[in-house]
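As structure tokens, the structure follows; a few thoughts come after it.
The numbers here are math on the coordinates, done by the rules we state, and not lab data. What you see is a predicted model; the values in this text were computed from it and never measured. Here the Cβ positions follow ideal geometry from the backbone for every residue, glycine too, while neighbour counts run over all protein chains shown.
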Amino acid sequence: MMEEYRSIANRIIIIGSPGAGKSTLSTQIAQIGNIPLLHLDSIQWIDNETNASQATFDAKLKEEIKKDQWVIDGNYARTLELRMKRAEMVIWLDLPRSVCLYRILKRYVKNKGKKNPHGNPDRLDFSFLRFVWNFKKENDSKIKSLKIKYQEQLHFMPIHSGRQLKEFMKKFETKP
């Protein structure tokens, strides 16, 4: 199984609710595989209050996905299919929203006043919490339909728990 991960793991998308662990996992996979990492938030956010234009974001993303290797961390549903067309693996961190909300609160308290290295603003407001709370309801059907559409070309890894994530990472870290 591990060799299968390595042989198809040149272009990897990591998706999931905020707080699911996308940035942490993408950093680990990029380091293990020595693969360039792109956090979509880093091209979306110019600063804590300013977004890049849609045209700028799309142009930067299209440049990145032309490359032979990458790990891309982030949802941005509008561009998910564009990324899936080029990806070889999708890791879907489909963790319970209670876990995601806990992690967001923990991260907010821990990093209060610090600049987020991935570009997105350090915020904790009702609209963001509502986005997290509704993430599954608003995104599952699109993710599942794209999974079906690209099932022939993609290795799709849904991960539903911390235990599954640890098992996946043990296989990923094992040297072939």
To the nearest 20 debye, the range 2-173 has a Cα-centred charge dipole, built from +1 on Lys and Arg Cβ and -1 on Asp and Glu Cβ, of 460
Scoring the chain by relative contact order with C-alpha pairs under 8 Å, at least six apart, yields a percentage of 34
With label points set 7 Å from each Cα along the Cα-to-Cβ direction at residue 160 and residue 102, the distance between them in nm comes to 1.8
By Cβ neighbour count within 10 Å, fewest first, 73, 41, 47 rank 47, 41, 73
Listed with the fewest Cβ neighbours within 10 Å leading, 109, 132, 90 appear as 109, 132, 90
For 95-108, 49-62, ranked highest to lowest by mean beta-carbon neighbours within 10 Å, the order is 95-108, 49-62
quick note, the chain, DSSP beta bridge pairs, % antiparallel (nearest 5) is 10
The pairs in 85/149; 85/144; 110/171; 22/166 lying past 21 Å Cα-Cα in this model are 110/171
